[in-house]
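Have a look at the structure below before the remarks.
The values are calculated or read from the model by the stated rules, or taken from the named source; none is laboratory data. Everything numeric here is computed off the predicted structure, so don't read it as measured data. Every residue, glycine among them, receives a Cβ derived from its backbone with ideal geometry; neighbour counts consider all protein chains shown.
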Amino acid sequence: MKNDIKKLFPEKWEETKQKAYKRDGRKCQFIKPNGKKCNNKKWLDPHHIIPKSHDMSSCFNSDNVITLCRYHHKIVTGNEHVYAQQFIKTVKENKNGK
């Protein structure tokens, strides 16, 4: 049920996902405790910063999607409130080329 919107609009979701991947350099954007990005290039997943269940209007907004490796995606899922501010900051920095 949670992925129905992506199944209903697969082209739109693919476009959103690819924009986020490109912006993020196709690398995991998770910030590790040492302050450095994970930067893994394998097994990437798109992750909604603000979950779809909280705001469906931003489902296809690439600014609400961040690239994570599968490992970090599992850690973040269900704990979005812990990581949201950092992810929003990272997206802004990536958009500005920092």
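Couple of notes before you dig in:
- Check on Tyr83, in contact with a Ser or Thr (Cβ under 7 Å, 6 or more places away or on another chain), hydroxyl-bearing (Ser, Thr, Tyr) and surrounded by 13 or more Cβ atoms within 10 Å (Cβ to Cβ): no
- Scanning the stretch 21-54 for residues that are small (Gly, Ala, Ser) and exposed (fewer than 12 other Cβ atoms within 10 Å of the Cβ) turns up Gly35, Ser53.
- Options Lys37, Lys74, Lys98; residue that is of a type outside the set (Ser, Thr, Tyr), over 26 Å from Asp4 (Cα atoms) and modelled with pLDDT of 95 or more: Lys37
- Within the span defined as the stretch 61-73, one or more residues are among the polar types (S, T, N, Q), surrounded by 12 or more Cβ atoms within 10 Å (Cβ to Cβ) and in a helix (DSSP H, G or I).
- Filtered residues of the stretch 1-13 (kept if part of a helix (DSSP H, G or I) and either surrounded by 13 or more Cβ atoms within 10 Å (Cβ to Cβ) or modelled with pLDDT of 95 or more (or both)): Ile5, Lys6, Lys12, Trp13
- Residue tally, condition over 12 Å from the mean Cα position of the chain (by Cα) and within 17 Å of Ser58 (Cβ to Cβ), over the stretch 75-88: 2
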